[in-house]
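The values are calculated or read from the model by the stated rules, or taken from the named source; none is laboratory data. Being a predicted model, the structure only gives us computed values, none of them experimental. No Cβ is skipped: glycine too gets one built from the backbone with ideal geometry, and neighbour counts run over all protein chains shown.
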């Protein structure tokens, strides 16, 4: 989705994707779920890194 984003002092249009993770907190806690989402985001932002 194209969304206005502030970069420095300017508003620019960027593609933005929302991600949601739903987990059973009896199995995994929120911190570990957040780490998983961070890893997914890192791979999406730099797909070449998955080849190494």
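Table for the structure above
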{"item": "Test result for residue 50, in a helix (DSSP H, G or I) and either modelled with pLDDT under 90 or exposed (fewer than 10 other Cβ atoms within 10 Å of the Cβ) (or both)", "result": "yes"}
{"item": "Filter pass, residue 32 being surrounded by 10 or more Cβ atoms within 10 Å (Cβ to Cβ) and within 17 Å of the chain's Cα centre (by Cα)", "result": "yes"}
